[in-house]
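One structure is given here, and the rest of the page talks about it.
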Amino acid sequence: MLNIEHLEKISLDGIWHFQLLDSPTDTSRKKWSKIQVPGLWTMQPHSETFFDKPIYTNVQMPFEEQPPNVPEQNPTGVYERDFEIPSAWSGKRVVLHLGGYESVALIHINGREVGLTKDSHLAAEFDITPFLERGKNTVRITVVKWSDATFIEDQDHWWHGGISRSVKLYATNNVFIDRLYTTAGLESDNSTGTLKIEAHISSNEINDLHGYTLRARIEELPKVSAANLEKTLVTKVAPKWTELSEKARHAEIEKRKSWDGTVSKATDAILAQVRADVPGKILLESRIPKVALWSAETPHLYTLTFELLSPEGTILQIGSQKIGFRDVRVVGKDLLVNGKAITIYGVNRHDFNRHTGRVLTRDDMREDLLEMKRWNFNAVRTSHYPNDPAFLDLTDELGFYVIDEANIESHAFYDSMCEDPRYTGAFVERVGRMVQRDIHHPSVILWSLGNESGIGANHRAAAQYARSIDPSRPLHYEGAINGDWRKGVGVTDIICPMYPAIGAVMAYAKSGKQDRPFIMCEYSHAMGNSNGTLAEYWEFIEKTPGMQGGFIWEFWDHGLDQRMPDGSTRAAYGGDFGETKHDGNFCCDGLVFPDRAAKPAMHEMKALAAPAVITAKSASTGRFEIFNKQFFSDLSAFEFHWSITCDGLVLDGGVAKLPSVGARKKVAFTIKSAHLAKVEGKGEGFVTFTIHTKASTAWSSTMAEIGWSQISLTSRAKAKAAVQPSDEFDGVINEYAEIQLPFGLVAPVLSLWRAPTDNDRIGHISTRWERWGLRDLTRDQCTVTESANKVTIKCTWKTSAGFAIKHTQIITPIENGFTVSESVVLPKELNDVARVGTNFELSGGLTDLTWFGNGPHESYPDRKIGRIHRWNSTIENQYIPYVRPQENGGHNGVRWFEVSDPTGAGIRIDLAKPYQVSVTPNRAVDLADATHDVEVQPCGNVVVHIDAAHRGVGTASCGPDTLEKYLISTGTHTWQWSVTTLS
């Protein structure tokens, strides 16, 4: 499998003949259908032909058989098409390239068996020259869904069947480059590049390759002699032992006197003369001065061109690779790139397209990476298999650090497959072929031995083989340290746990036992409304040596487009295709929805990964400090804007004039405004700095905002509304002792429950809520006390399980409205409720929302990085369409909000202090009762929640729950809100 493109090639992508059999032993049918290649039969519209559908499992296998056995019912797709070989290829070697398939493929040419292949996410190549005929030829690719290889491809994703990547033919001369390993490195001066090219020349027809020459040159450095390399093969046959010269015999004797390999240079030179060369191997090495370095911040690439020449000087083969000069190494607790202990702002990524499953175009991959760049990610892990080579071409170009992961996961047989000698060859080959294919990519900084496959002899063999091929990169494998971060030396050079609790991370860093860099391979599980406590991880990472970041799980929600009987479409997950063994919506755990629209949690990561942060030295006098978080670049590519606001209204602004700020440097600067010392007006004042790109990039427009910092200013508080008569206070309660709101349709009630998030449900948090009966509260024992300026309502709420909660509401009049002061006493048994607050509904004619608080995106107590500002939206846009409906649309730190109709009429609610608020078109019960977002319809009213306390969202679907400080304590909770009318 050569990792350069061939000039003479023919794509076989397009429409193929196809039929789907029940099993590989089923007889082929006369009737053929058609299918696009690449194309998965599991993603075709359901029909008599396409009867097999996707299955989603996480850990469990989709069938009961034990390895290496598979079910008799084993869907088998037969792909067939004709092709013709160009006359110019006559006499040449012709190779069939199959880019990807699931899970085993058998190749036939003109009815004759060529071979089979099982490593489904790396290309397989077959020399089909002897099978070809003049004129029309027929290729048949038979893909069997289940095989013994399936047990090491159990990768928390959809199980599909079919051809997933491109199919092509290419031709070479009969002497050709068979393998090519290019390593571009860097010396310690961070200026001199090192280039090592190991090429293996092969031939199907001749044995003696004497006189064949390999040339290599860096196109951008034509005048640098060290960037132009050439070497000719010289065939050298080792003499027979009995015919060694006297000098050679003496050298052999001298060598045997040394136990540590130390011999004189003269002896070593004599031994080299009588030692046979590896047939066809050419080694080119060079040192190139003053190279431009590659990093994720500055992804500088060079074009390395190859030519293979015959002894007569005829060019037999031409190819090229993009290379980048950079150094990767582990020194103590640091993973260094070009000598710097970089920070990994990473995300895991599966191949996914909601329409085609795992069949992707280059544009699909590019859009994935551009979206990551827009949110400040700088690293990606190819979970859990090597991606299409085009993906790494793009990470090289755009600038990402990559963990390249081998196609190995045996999660259902975690502790056994890694020790099973029947699979040793597969482990070693899958790792080795990945390294051989991708060794030249500068973006690949770590090789991963796979995922969730235990630790055993098979991993140790694979690790040793990877190191022998490429000693320039460290190894990564989480299974080696699973359960004990001190283990795994020799198999993993990185401490790379999954979903560690923040407390464990802190304890490890402070233990004195850390011996390797710490980079979480998976953390902050992004399932549904999730990613709580992300800021706490990063607060510790950024201040602690040896802590270098991690990869969020994961990028995509894998909801497949599914056409329903009524013609509508929904995002499907496990069980939606009728499968009985499945893991539900656990495949919908990404930072983007199935259409690649970003979830609100993306804003949290974008802020954390911004290239710079600004803090105040003396805000009132305009003195600030900027820290450049980048490792290789100054901040000259960015422009820094500032604005001063009071109560969310802009008072002043400008562009900050900054001196040069080098990588990892702090620099002081000033801005001038009269509002810094004394904010005009009453209300909270802030100075906000925003970071903008001066020039457009592949992923952003000119002046795109990529980060921000906000600093509070000395402010004058608004006066508290005084008690005074108001028309709105008259008749403030009805005969049922319910508060009557302007535009109100459902009176305010106590709320302790939310529509369970995926974390609540899978983490069994909402199980307690069900046991306590929090969803259904009823009110009794209600007493009302009234006076001229106060109404007091005291009542007891009972859960459906019988728990009693005492609740008091005190209503007092203010100008144009009234104030409600509430208190609740939570009994000790209810020690982890979802929320404590007020819920009411307003007229659906109120369509617009303005709020002063955290925004503009959804936020929760443990995921609340956002700017305090005055934000405008619609009620409709407050709904967040998580694939499985759940609590959504909340805003943390809200000071006041207004709900109005298009004319401006409505109500304003001022809060005594910042609370959690949601104003949405949906009731919590409707969200909880739905299984897919398309089932959720607006209830017709505006549903408002004001929460004095709201539980954090955490990551408990796969990882730690939220921190204790984000849980709701028992005892007394108080809150206050004031209602006024808008005209």
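The values are calculated or read from the model by the stated rules, or taken from the named source; none is laboratory data. A quick note: this is a predicted structure, and the numbers were derived from the prediction, not measured. Cβ: placed from backbone, ideal geometry, glycine included. Neighbour counts: every protein chain shown. Accessible surface is based on the protein model in full, side chains and every heavy atom, while ligands, DNA and RNA are left aside. Shrake-Rupley method; radii C 1.70, N 1.55, O 1.52, S 1.80 Å.
Going by the conditions given, is Ala695 assigned to a loop (DSSP other than H, G, I, E, B), under 30 Å from Pro299 (Cβ atoms) and open to solvent by 50 Å² or more (accessible area, probe 1.4 Å)? Steps first, answer last, please.
Details: assigned to a loop (DSSP other than H, G, I, E, B): yes; under 30 Å from Pro299 (Cβ atoms): yes; open to solvent by 50 Å² or more (accessible area, probe 1.4 Å): yes.
So Ala695 passes the test.
The single condition among (1) part of a loop (DSSP other than H, G, I, E, B); (2) in contact with an Asp or Glu (Cβ under 7 Å, 6 or more places away or on another chain); (3) open to solvent by less than 60 Å² (accessible area, probe 1.4 Å) that His97 does not meet is (1).
Tell me, please, whether a residue that is more than 30 Å from Asp634 (Cβ to Cβ), modelled with pLDDT under 95, open to solvent by 10 Å² or more (accessible area, probe 1.4 Å) and of a type in the set (Asp, Glu) can be found in the range 264-280. Within the range 264-280 (the criterion being more than 30 Å from Asp634 (Cβ to Cβ), modelled with pLDDT under 95, open to solvent by 10 Å² or more (accessible area, probe 1.4 Å) and of a type in the set (Asp, Glu)), the answer is yes, since at least one residue qualifies.
Can Arg467 be described as assigned to a helix (DSSP H, G or I), touching a strand residue (DSSP E or B) at 6+ places or on another chain (Cβ under 9 Å) and of a type outside the set (Asp, Glu)? For Arg467, the condition - assigned to a helix (DSSP H, G or I), touching a strand residue (DSSP E or B) at 6+ places or on another chain (Cβ under 9 Å) and of a type outside the set (Asp, Glu) - is met.
Across the range 773-785, a minimum of one residue is classified as touching a strand residue (DSSP E or B) at 6+ places or on another chain (Cβ under 7 Å), of a type outside the set (A, V, I, L, M, F, W, C) and open to solvent by less than 40 Å² (accessible area, probe 1.4 Å).
All of (1) in contact (Cβ under 8 Å) with a residue 40 or more places away in the chain; (2) charged (D, E, K, R); (3) closer than 23 Å to Ala184 by Cα; (4) open to solvent by 10 Å² or more (accessible area, probe 1.4 Å) hold for Asp470 with one exception: (4). All conditions in (1) open to solvent by less than 30 Å² (accessible area, probe 1.4 Å); (2) at pLDDT 95 or above hold for Val679, with the sole exception of (2). If you go through the range 683-732 and pick out every residue that is at pLDDT 95 or above, β-branched (Val, Ile, Thr) and touching a strand residue (DSSP E or B) at 6+ places or on another chain (Cβ under 9 Å), you end up with 8. Filtering the range 550-570 to residues that are buried (at least 16 other Cβ atoms within 10 Å of the Cβ) and of a type in the set (Gly, Ala, Ser) leaves Gly550, Gly559. For the range 339-362, the candidate set comprises residues that are of a type in the set (S, T, N, Q) and within 25 Å of Lys606 (Cα to Cα); within that set, the residue that is surrounded by the fewest Cβ atoms within 10 Å (Cβ to Cβ) is Asn353. Here is the figure for the range 4-22: residues that are acidic (Asp, Glu) and touching a Ser or Thr at 6+ places or on another chain (Cβ under 6 Å) total 1.
Within the range 746-761, the set of residues being of a type in the set (A, V, I, L, M) and either closer than 21 Å to Asp780 by Cα or in contact with a Cys (Cβ under 8 Å, 6 or more places away or on another chain) (or both) comprises Val746, Ala747, Val749, Leu750, Leu752.
Beta carbons closer than 6 Å, at least 6 apart along the sequence or on distinct chains, pair a first residue in the range 7-34 that is of a type outside the set (A, V, I, L, M, F, W, C) with a second that is assigned to a strand (DSSP E or B) and loosely packed, with under 12 Cβ neighbours inside 10 Å for Lys34/Ile15. Restricting Gly802, Gly744, Gly844, Gly817 to those that are small (Gly, Ala, Ser) and open to solvent by less than 30 Å² (accessible area, probe 1.4 Å) reduces the list to Gly817.
Every listed requirement among (1) surrounded by fewer than 23 Cβ atoms within 10 Å (Cβ to Cβ); (2) under 20 Å from the mean Cα position of the chain (by Cα) is met by Arg516 save one, (2). Has the range 586-602 got any residue that is surrounded by 20 or more Cβ atoms within 10 Å (Cβ to Cβ) and among the small types (Gly, Ala, Ser)? Within the range 586-602, one or more residues are surrounded by 20 or more Cβ atoms within 10 Å (Cβ to Cβ) and among the small types (Gly, Ala, Ser). Among strands (runs of 3 or more DSSP E) entirely within the range 752-848, having at least 3 residues that are within 30 Å of Leu591 (Cα to Cα) singles out 835-842.
The criterion of at least 3 residues that are crowded, with 17+ Cβ neighbours inside 10 Å is met, among strands (runs of 3 or more DSSP E) falling completely within the range 156-234, by 157-159, 167-172, 175-186, 193-203, 213-218.
Step by step: first the residues of the range 529-549, then only those that are of a type outside the set (A, V, I, L, M, F, W, C) and assigned to a helix (DSSP H, G or I), then the one that is surrounded by the fewest Cβ atoms within 10 Å (Cβ to Cβ). Which residue is that?
Among them, the one singled out is Lys543.
Of the strands (runs of 3 or more DSSP E) lying entirely inside the range 342-448, the ones with 1 or more residues being among the hydroxyl-bearing types (Ser, Thr, Tyr) and closer than 30 Å to Tyr573 by Cα are found at 344-348, 444-448.
Applying the set (1) assigned to a strand (DSSP E or B); (2) closer than 16 Å to Gly532 by Cα to Ile865 leaves exactly one unmet item: (1).
Of all the residues in the range 713-729, those that are outside any loop (DSSP other than H, G, I, E, B) and exposed (fewer than 12 other Cβ atoms within 10 Å of the Cβ) number 2.
Total residues in the range 483-504 satisfying the condition of being open to solvent by 40 Å² or more (accessible area, probe 1.4 Å), aliphatic (A, V, I, L, M) and free of Cβ contacts under 8 Å to residues at least 40 places away in the same chain: the figure is 2. For the range 662-676, indicate whether the set of residues that are buried (at least 18 other Cβ atoms within 10 Å of the Cβ), of a type in the set (Val, Ile, Thr), in contact (Cβ under 8 Å) with a residue 24 or more places away in the chain and touching a Phe, Trp or Tyr at 6+ places or on another chain (Cβ under 8 Å) is non-empty. Looking through the range 662-676, at least one residue is buried (at least 18 other Cβ atoms within 10 Å of the Cβ), of a type in the set (Val, Ile, Thr), in contact (Cβ under 8 Å) with a residue 24 or more places away in the chain and touching a Phe, Trp or Tyr at 6+ places or on another chain (Cβ under 8 Å). Scanning the range 35-86 for residues that are within 17 Å of Val104 (Cα to Cα), in contact with a helix residue (DSSP H, G or I) (Cβ under 9 Å, 6 or more places away or on another chain) and polar (S, T, N, Q) gives a single hit, Asn69. Candidates are the residues of the range 278-303 that are part of a loop (DSSP other than H, G, I, E, B), of a type in the set (A, V, I, L, M, F, W, C) and within 28 Å of the chain's Cα centre (by Cα); the one that is nearest to Ile445 (Cα to Cα) is Ala296.
Within the range 237-258, how many residues are among the small types (Gly, Ala, Ser) and assigned to a helix (DSSP H, G or I)? So that I can check it myself, show each step before the final result.
To start, the set of residues in the range 237-258 that are among the small types (Gly, Ala, Ser) comprises 238, 245, 248, 251, 258.
Then keep just the ones that are assigned to a helix (DSSP H, G or I); that gives 248, 251.
Qualifying residue count for the region: 2.
Counted as qualifying within the range 1-79 are the strands (runs of 3 or more DSSP E) with 2 or more residues that are open to solvent by 30 Å² or more (accessible area, probe 1.4 Å), namely 9-11, 14-21, 33-37. Set side by side, the residues Ala480, Ala507 differ, and just one is over 20 Å from Val347 (Cα atoms), among the aliphatic types (A, V, I, L, M), modelled with pLDDT of 95 or more and surrounded by fewer than 16 Cβ atoms within 10 Å (Cβ to Cβ), which is Ala507.
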